1. Would you mind finding the one in Val111, Val107 that is over 19 Å from the mean Cα position of the chain (by Cα) and β-branched (Val, Ile, Thr)?
2. Examine segment 47-63 for a residue that is aliphatic (A, V, I, L, M), part of a helix (DSSP H, G or I) and modelled with pLDDT of 95 or more, and state whether such a residue exists.
3. Among the listed residues Glu103, Glu124, Glu117, which satisfies the condition of being assigned to a strand (DSSP E or B) and either surrounded by 12 or more Cβ atoms within 10 Å (Cβ to Cβ) or out of contact with any Leu (no Cβ under 7 Å at 6 or more places or on another chain) (or both)?
4. Restricting the search to segment 62-71, which residues are touching a residue at least 40 places away in the same chain (Cβ under 8 Å) and surrounded by fewer than 22 Cβ atoms within 10 Å (Cβ to Cβ)?
5. Every residue in segment 262-290 that is over 15 Å from the mean Cα position of the chain (by Cα), crowded, with 16+ Cβ neighbours inside 10 Å and in contact (Cβ under 8 Å) with a residue 60 or more places away in the chain, please.
6. Name the residues in segment 139-168 that are among the hydroxyl-bearing types (Ser, Thr, Tyr) and closer than 15 Å to Leu215 by Cβ, would you?
7. I need a count of the residues in segment 1-21 that are surrounded by fewer than 16 Cβ atoms within 10 Å (Cβ to Cβ) and either more than 21 Å from Val264 (Cβ to Cβ) or among the hydroxyl-bearing types (Ser, Thr, Tyr) (or both).
8. With the requirement that a residue be at pLDDT 95 or above and assigned to a loop (DSSP other than H, G, I, E, B), what does segment 239-264 give you?
Amino acid sequence: MPAILTVTLNPALDVCASVPVVAADHKLHCEDASRTPGGGGINVARAIHRLGGEATALFPHGGSTGQLLCDLLAAEGVPIAAVAVAGVTREDFAVRETSTGREFRFVLPGVALQPGEVDRCIQEIVGRSRRDSFVVISGSMPPGVTPEALGELVGRLHRIGARVVADSSGPALATLARSGVLVVKPSRNELSQYARRPLPMIDDVVEAADDLRRLGRTQAVLVSVGADGAVLVTADQPPCTITAPPGPVVSTVGAGDSLVGGLVLGLATGERLVDAARRGVAAGSAATLAPGHHLCHPDDLAALLPAVRVAPAGARQVASTG
């Protein structure tokens, strides 16, 4: 199987806890606190590992939180390539309100990377990539990572012959699509921000996804649409929707990263794009069945996958807000 390298330039130590009620102006005494590795590509590597594959997680790290991040990944058996930087790795946290089931997610800004640190990350990524290997660039970008640096990275990966899958937001989303990747995977909200308009209908999602694809040489756009699954837009096939059966949603944390993990693992094992996307949607749905940052479980994916349906994209409204 081709090697898989995930890239997380804005990693985090994720803190997850619960309280009965979230109320302003009160000390909220949390329960069930846990700390897990976080950041898009890191969670993609963790999901692939849980599903029986192997991926190396590459990321910058600094300070005690960065060291704990490395230790937690080692404890899970996920191979890492950690690039030491001067700044302290950030923390993010999510709080579940047990009386309502609502989830509150707080994302802190990432530490700025210095130009020399960005260069060292790029050198490490390129040095670990091979022809036909998969490189997953996932998560937000910290200060210091410029569009020019991202474009240079993707260009060098193209010259090697690596296959790039991208999942980011904001200006980085357009930069990566413009640079040309195998698949770009925004959420509907991220795609809406790119398009600068609401996307209430599936047709709206398809149109915006095709605009994003046409920015460069990107071959496919897979848009996650929460409980509705995903919308797949490619250069050579009619757009389609990929939906999983409805079920209980305990937590949506890590669902998008699990989707990317299932997608990339499917591609790496030789599945067609649409079949790998089905696997991704099943993995994303499986991640919603557990609380906190537990990602997908292979038994849940196996149970859900036969019921994941592919259908032509139509004009119906998107039911979910994701």
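1. The match here is Val111.
2. yes
3. Answer to the check: Glu103.
4. From segment 62-71, those touching a residue at least 40 places away in the same chain (Cβ under 8 Å) are 62, 65-66, 68-69; that's our starting set.
Passing the criteria: Gly62, Thr65, Leu68.
5. Passing the criteria: Leu267, Ala268, Leu273.
6. Ser168
7. Matching residues across segment 1-21 total 2.
8. If the condition is that a residue be at pLDDT 95 or above and assigned to a loop (DSSP other than H, G, I, E, B), then Pro239 is the only one that fits.
The values are calculated or read from the model by the stated rules, or taken from the named source; none is laboratory data. If you're wondering where the values come from, they're calculated on a predicted model, not measured in any experiment. Virtual Cβ from ideal backbone geometry, glycine too; neighbours counted across all protein chains shown.
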